[in-house]
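Working notes for the structure below.
Readers should treat all values here as calculations from the given coordinates under stated rules, not as data from a laboratory. Note that the structure is predicted; figures quoted are calculated from it, not measured. Here the Cβ is made from the backbone with ideal geometry for all residues, glycine too, and neighbour counts use every protein chain on show.
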Amino acid sequence: MAFKVRLEGVRKTFGRGARAVEAVRDLTLEIGEREFFTFVGPSGCGKTTTLRMIAGLETPTAGRIWFGDQDVTALPPQQRDIAMVFQDVALFPYMTVRQNIGYPLRIAGLPRAQVDAKVEKVAATLGLTDKLAQKPGQLSGGQQQRVAIGRALIREPKVLLMDEPLSALDARLRVEMRTEILRLHREISSTIIYVTHDQVEAMTMSTRVAVMDQGRALQVAPPRELFARPANVTVATFIGTPAMNIVPAALVASSGGLSIEVLNLVIPLVGQPHGPFRDLKAVNLGIRPQAIRLVRPGPERITGQVFLREPLGLEDEVLVEVVNGTKLKVVTAAGEEFLEGARVGLDFDLADLYLFHPESKEAIHHRIDGAGPSSARG
Amino acid sequence: MRRVQAYGPLALLLVVLVVVAFPFYWMLMTSFTPREALFKPPFRLFRLDLSLGNYRELLFATEFVTYLRNSLIAAAGAIVLNVVAATLAGYGLTRFAFPGKKGFAFGTLFSYMFPPILMVIPLYILFSALRMRNSYVGLILAHMAISLPLNIWLMWQYFQIVPVSLEEAAWISGASRLAALRQVCLPSARPGILSVAIFSFALSWNDFTFAFILQTDRKMFTLPVGLATFVEQTGVHWGMVMSAAVLVSVPTFLLVFFLQKYLLSGLRATG
């Protein structure tokens, strides 16, 4: 039986007094059985510390960690039913691949024949059968990572922890191993808790993702929801490449209700001024680079000048400088139109706009509607 | 010009080699020279009338074998205790946080910089009070007092390059801290441990000062002290002294010859 992993108000502070560093502040979340749960965030956000606390390698300064009904907060790693794959692989250099994979079973005192049989089975699923007699130093980076995964899988752990397992691999191998890990997750019955700084890994592999920053989980949601409904500016700009454009905009009251003034556009809001907009004079407006279309400049559009155009193959990344130095990133089909220096108009659907509070940076969920951009002022 | 660059260092090495190796050669030669031929001219660089007489006399007519046994016991004790203590101390210093760690580190290096001779008198008084003079334990502890600081420092440096994640992987696999240390950490630190063993051996084997002051009973003399008495007797029997010197150098030579690979890598880790 698998179990849920529950963190309750978990904190971790390193050091004391003036030099104390809060790595994790008040983290509460629940990871379901057989989930592929990912902690993602920039370095220093507390994701690895969180994983190490789940593993028992760090003790929380405050809060509790539950495996199902059992409080494991004070339990040493040896007594938790977990396995872990480390960022630096951490294979035992003096042991062969066979000894490395079989190590957890030998520690548990299983008879040799049984260990060998299981090692061979695990090695077969990972394509390592012909490497069993070699030492880790003789293997490639990808093979070493497979051995590390094999050592983690052999005990059939309830929870498999992975700390940036792919970060040492080159780009092509990373994609390959991603598929491999997903296949394993389907085949084994373990919960996988995964840590990465790579939002692509987080988005492609996970059932749910926690986006971390400065020791807090900013949002915990399935990948599609993170992309479609980011909780704040940090999540919005972290998830999706290139990052979402964020532009400051004014909020003005007019006869028909509230409208947003951005650059030279006026966008009326549907409905009366209420709730999140009370007393606000400004908002941050977000739009993804893929949601903007490059068109001929016209009077009813935001216009600008192409600052930089980078061909990426199928698509080009275009940096457009609009008024007063603000630059917007646009992803468009590869082409020869609107080259660097050209005047260009920007077109987009109002439904693709995101609103954020100017100070707290939290998302404001409010329907902005209409057939298209409204008429320009003046 | 290119030839000078190629052969210059070689020539220099050759000169150094002659300077370093000649005394050894002369020692070896003299040890095999019969007593009556030793001071009779001509003094030749090469001779063929070699004999084992000096060795026979050394082994059967003197207490050389007793000295050898004492030296071996002292060295073996120093090796075992140094390896155990330095390994555990080095491990503790890299893996645990405790108050006064910096002070300990400073103290360790500082105590190594003390001239060992400063410790002889206090140790003499201490061991007299404890009735540990003329004992193996006392001598081994004295040798440890000189070599342990550097050994701790060596192992400390060594454990710093053994990744903590190796042990963590072992813990998560279910291994206890001690099992992880033994199965995962120590194999990786083997070159460092060998360096400690060799250094401890060399220091104990070559020590004259401590053995001379602490061991007053002839039966407890170590080789360096015992050999010195050969010189102090009525005359100096150089052939025998040289054969003793040859036998003393053999273990050191063998040790360095077979373990130099580890010795070098151990020292490199601290560089």
P(r) for chain B, please, calculated from all Cα pair distances in 5 Å bins and given in %. 1, 5, 10, 12, 13, 13, 12, 11, 9, 7, 4, 2, 1, 0, 0, 0
Which ordering of A:285, B:59 is given by a fewest-first count of other beta-carbon atoms within 10 Å? B:59, A:285
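Could you tell me which of the pairs A:327/A:361; A:118/A:158; A:47/A:327; A:135/B:261 are separated by over 26 angstrom between their Cα atoms in the structure shown?
A:47/A:327
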Specify the inter-centroid distance of segment A:89-109 and segment B:122-197, based on alpha-carbon positions, in whole Å. 25 Å
Segment A:5-236: relative contact order as a whole-number percent, Cα under 8 Å and 6+ apart: 28 percent
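Pick out, in residue order, every one of the trypsin sites (Lys or Arg not before Pro) in segment B:1-58 that is DSSP loop and has at most 16 other C-beta atoms within 10 Å; say none if there are none. Don't skip to the answer; put the middle values down first.
Numbers: sites: B:2, B:3, B:35, B:44, B:47, B:56; in loops: B:44, B:47.
When the trypsin sites (Lys or Arg not before Pro) of segment B:1-58 are filtered for loop state and at most 16 Cβ neighbours within 10 Å, B:44, B:47 remain.
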GNM flexibility winner over chain A from A:125, A:49, A:28 (Cα, springs under 10 Å): A:125
Excluding residue A:356 itself, calculate the net charge of residues whose Cβ lies under 14 Å from the Cβ of residue A:356, where each Lys or Arg counts +1 and each Asp or Glu counts -1. +1
Most mobile of A:67, A:36, A:307 per a Gaussian network model of chain A (Cα springs, under 10 Å)? A:307
For a quick check, take a GNM of chain B with Cα springs below 10 Å and name the residue from B:101, B:40, B:219 with the largest mean-square fluctuation. B:40
3J(HN,Hα) from dihedral phi, segment B:132-146, Karplus parametrisation 6.51/-1.76/1.60, rounded to Hz, x for glycine, proline: 10, 6, 6, 10, 5, 4, x, 5, 4, 5, 5, 5, 4, 4, 7
Sequence order, segment B:187-198: Karplus ³J(HN,Hα) from phi using 6.51 cos²θ - 1.76 cosθ + 1.60, θ = phi - 60°, Hz rounded, Gly and Pro as x, gives x, 6, 9, 4, x, x, 5, 5, 4, 4, 4, 5
Directionally averaged projected area (convex hull, Cα atoms, segment A:67-128), nm²: 5.9 nm²
If you build the convex hull over the alpha carbons only and average its shadow over all orientations, what do you get for segment B:148-271? Give it in nm² to one decimal. 10.3 nm²
Taking amide hydrogens as modeled 1.01 Å from N in the peptide plane, which residues meet the under 5 Å criterion relative to residue A:162, leaving out close sequence neighbours? A:85, A:193, A:194, A:195
Students often forget the sequence filter, so: which lysines lie under 18 Å Cα-Cα from residue A:121 once same-chain residues fewer than 8 apart are removed? A:131
Which residues does a label at residue B:40 reach in segment B:49-85, if reach means a backbone N under 14 Å from a point 7 Å past the Cα toward the Cβ? B:49-51
Estimated dipole of the protein assembly as shown in Debye, rounded to 20 [Cβ of Lys and Arg +1, of Asp and Glu -1, Cα centre]: 1940 debye
Looking at A:294, A:354, A:253, which one has the Cα that reaches farthest to the positive end of the dipole of segment A:245-364 (charges on Cβ: Lys, Arg +1; Asp, Glu -1)? A:253
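Within the set of other residues whose C-beta is less than 13 Å from the C-beta of residue A:283, count the net charge using Lys and Arg as +1 and Asp and Glu as -1. Write out the running numbers ahead of the final one.
Details: positive: A:278, A:281, A:361; negative: A:261, A:279, A:359, A:362.
Its environment carries a net charge of -1.
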Relative intensity, log₁₀ I(q)/I(0), of segment A:119-173 from a Debye sum that treats every alpha carbon as a point, q = 0.13 Å⁻¹: -0.33
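Determine the dipole magnitude for segment A:245-364: charges of +1 sit on the beta-carbon of Lys and Arg, -1 on that of Asp and Glu, nothing else is charged, the reference point is the Cα centre, and the result goes in debye to the nearest 20.
320 debye
Using the Cα atoms as the points, what is the convex hull volume per residue of segment A:148-194 in Å³?
Dividing the Cα hull volume of segment A:148-194 by its residues yields 66 Å³.
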Label-point separation (nm) for residue A:186 and residue B:120, each offset 7 Å from Cα along Cα-to-Cβ? 7.9 nm
Quick one: putting +1 on the C-beta of Lys and Arg, -1 on the C-beta of Asp and Glu, what dipole do you get for segment A:5-236 around its Cα centre, in Debye to the nearest 20? 300 debye
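Normalised by the number of residues in segment A:245-364, what is the relative contact order in percent for Cα pairs under 8 Å and 6+ residues apart? Walk me through the numbers on the way to the answer.
On the way: 248 pairs, mean separation 31.7, N = 120.
Averaging sequence separation for qualifying contacts and normalising by length gives 26 percent for segment A:245-364.
For the protein assembly as shown, what does the helix formula give at 222 nm: sum of -39500 (n - 2.57) over DSSP H segments with n ≥ 4, over the residue count, nearest 500 deg cm²/dmol? Numbers along the way, then the final one.
Values: 21 runs with 288 residues, N = 649.
Computed ellipticity for the protein assembly as shown at 222 nm equals -14000 deg cm²/dmol.
Let me know the volume per residue of the alpha-carbon convex hull for chain A, in Å³. It would help to have the intermediate numbers written out before the result.
Numbers: hull volume 70.1 nm³, N = 378.
Spread over its residues, the Cα hull of chain A gives 185 Å³ apiece.
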For the charge dipole of chain A, defined by +1 on Lys and Arg C-beta atoms and -1 on Asp and Glu C-beta atoms about the Cα centroid, which residue among A:285, A:70, A:211 has the Cα displaced farthest towards the positive pole? A:70
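Output the relative contact order of chain B, whole-number percent, from Cα pairs under 8 angstrom with separation of 6+ residues.
31 percent
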The answer for residue A:213, listing residues at least 5 apart or on another chain whose modeled amide H is closer than 5 Å to its amide H, is A:218
Can you give the alpha-carbon Rg of the protein assembly as shown over 2.2 N^0.38 Å, where N counts its residues? 1.45
Partners for residue A:329 among aspartates and glutamates (Cα-Cα distance below 12 Å; same-chain residues under 8 apart left out): A:310, A:316, A:317, A:321
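What does the net charge come to around residue A:20 if you take all other residues with beta carbon closer than 14 Å to its beta carbon, with K and R at +1 and D and E at -1?
Values: positive: A:11, A:12, A:16, A:19, A:25; negative: A:22.
Around residue A:20, the surrounding residues sum to +4.
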Taking N as the number of residues in segment A:58-210, what value does Rg over Cα atoms divided by 2.2 N^0.38 Å take? 1.06
For segment B:69-99 and segment A:139-215, compute the distance between their C-alpha centroids and round to whole Å. 41 Å
